[in-house]
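Everything below concerns the one structure shown next.
Every number in this text was worked out from the coordinates using simple rules, so none of it is lab data. What you are looking at is a predicted structure, and each value in this text was computed from that prediction instead of being measured. Every residue, glycine as well, gets a Cβ built from its backbone with ideal geometry; the counts of neighbours run over all protein chains shown.
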Amino acid sequence: MRILPLFLSLACVACAAGPLDRILDPLPKDARPSTPSLLSQLQPMAPARPAFSLTTDALVAELEKQAAKHFAADGELKLSLARTWPALRLPEADWVLTIAEWPVGGLSGTLVVRIKVVSGSETIVEGQLPLRAQLWQDVWFSSNQLERGQALDRSSLTSQKADVLRERIPLVLASVEPSTLELCQTVGPGRALTRRDVTVRPLIRKGQLVEVFAKSGSFGVRMKALALENGAVGDLITLRNVESQKVFNGHVTHDSKVQVQF
């Protein structure tokens with residue numbers, strides 16, 4: 001009885017040997033499924049396009065450069081945007097700022113310009129841009145209390161930087177020689193001098209006896225005359241001849257000297 005099951009098992013194996021061999025045999029190359037490799041499926045990616053932007057600092061720097069040239073600003077011109085400006089995306093690295101319209105009133109503490117920004121062939125922004133401006137220059141400050149009628153000199157003043165656009169009344173620049181000025185009102189210590197505080201110091205004062213040089217061609221004559229008004233260098237003042245009492249006009253040239261051209 002034990003021989004029969006063993007015989008049946010061997011018979012089954014023999015019958016299946018043919019199909020099993022065919023299953024285990026490798027397939028022909030032309031019968032294998034065409035499956036692409038992983039590397040062949042990885043397509044090269046296009047390089048990422050670099051991102052360009054126009055920042056507030058770059059915009060303001062270009063605005064300052066163009067404004068300083070347009071207004072012929074003497075000193076350090078500083079601009080800032082009156083409103084928040086987001087960074088602008090640009091299609092190209094290069095960009096051009098054009099200021100199409102400047103304020104007709106000139107440079108002031110607040111101004112509005114019309115701008116246009118182009119990058120590549122694309123207009124990025126165009127329109128009005130409100131700005132705040134500062135112009136820092138060297139001006140004269142009083143070192144101590146200065147009294148009305150006092151003649152100025154460098155010992156009574158100090159030169160400091162100030163924003164000249166901040167003041168309603170123009171300040172006296174440090175490029176002005178102080179000895180040519182005198183005070184027309186009292187100024188406290190440590191204050192910037194304005195043009196309202198000073199006047200040009202007259203070289204000749206009303207009632208002063210002056211020397212007049214009258215010239216006509218190659219001929220000249222000197223005489224004495226009485227000044228009938230104050231005058232600084234280059235001023236045309238009225239005088240009276242002390243001998244003939246004749247009234248005439250002459251130009252102030254130096255201290256106590258007037259020239260008349262006939």
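Some points to look at:
- Highest average first, the peptides 192-201, 91-100 ordered by how many other beta carbon atoms sit within 10 Å of their residues are 192-201, 91-100.
- Our summary gives the stretch 48-124 a relative contact order of 30 percent, counting only alpha carbon pairs under 8 angstrom and 6 or more residues apart.
- Calculated from backbone phi, Karplus (6.51, -1.76, 1.60) coupling profile of the stretch 176-193 in Hz, x at Gly/Pro: 7, 5, x, 5, 8, 10, 9, 7, 10, 7, 5, 10, x, x, x, 10, 5, 7
- The GluC sites (Glu not before Pro) of the stretch 175-232 meeting both criteria, a DSSP state outside H, G, I, E and B (loop) and at most 15 other C-beta atoms within 10 angstrom of the site's C-beta, are 229.
- Sequence-distant lysines (8 or more away, or on other chains) whose Cα lies within less than 22 Å of residue 224: 206, 215, 246, 257
- Computed from the alpha carbon atoms alone, the convex hull of the stretch 136-200 holds 69 Å³ per residue.
- Going from the fewest other Cβ atoms within 10 Å to the most, the residues 255, 235 appear in the order 255, 235.
- Once the Cβ-Cβ distance of residue 213 and residue 179 is raised to the sixth power relative to R0 = 25 Å, the FRET efficiency obtained is 0.55.
- Ignoring lysines fewer than eight residues from residue 65 along the same chain, the ones with Cα atoms less than 26 angstrom from its Cα are 78, 116, 161.
- Label zone at residue 71, where the point sits 7 Å out along the Cα-to-Cβ direction: the stretch 87-117 residues whose backbone N lies under 13 Å: 102-113
- Here the 3J(HN,Hα) profile of the stretch 253-258, calculated from phi with Karplus coefficients 6.51, -1.76 and 1.60 at θ = phi - 60°, is 10, 8, 4, 6, 10, 10 Hz, Gly and Pro shown as x.
- Between the C-alpha center of the stretch 144-175 and that of the stretch 188-212 there is a gap of 14 Å.
- Partner aspartates and glutamates for residue 69 [C-alpha distance under 15 Å; skip if fewer than 8 residues away on the same chain]: 101
- Per-bin percent of Cα-Cα distances, the stretch 209-261 [5 Å]: 5, 23, 37, 24, 10, 2
- In a DSSP loop and with at most 16 other Cβ atoms within 10 Å, there are no chymotrypsin sites (Phe, Trp or Tyr not before Pro) in the stretch 106-176.
- Taking every C-alpha pair closer than 8 Å and separated by at least 6 residues, the mean separation divided by the residue count of the stretch 209-261 gives a relative contact order of 35 percent.
- Cβ-derived FRET efficiency at R0 25 Å, residue 153 paired with residue 206, nearest 0.05: 0.60
- Note that the stretch 55-71 has calculated 3J(HN,Hα) couplings of 8, 4, 4, 5, 5, 5, 4, 6, 4, 4, 4, 6, 5, 4, 6, 5, 8 Hz, one per residue in order, obtained from phi through the Karplus relation 6.51 cos²θ - 1.76 cosθ + 1.60 (θ = phi - 60°); glycine and proline are x.
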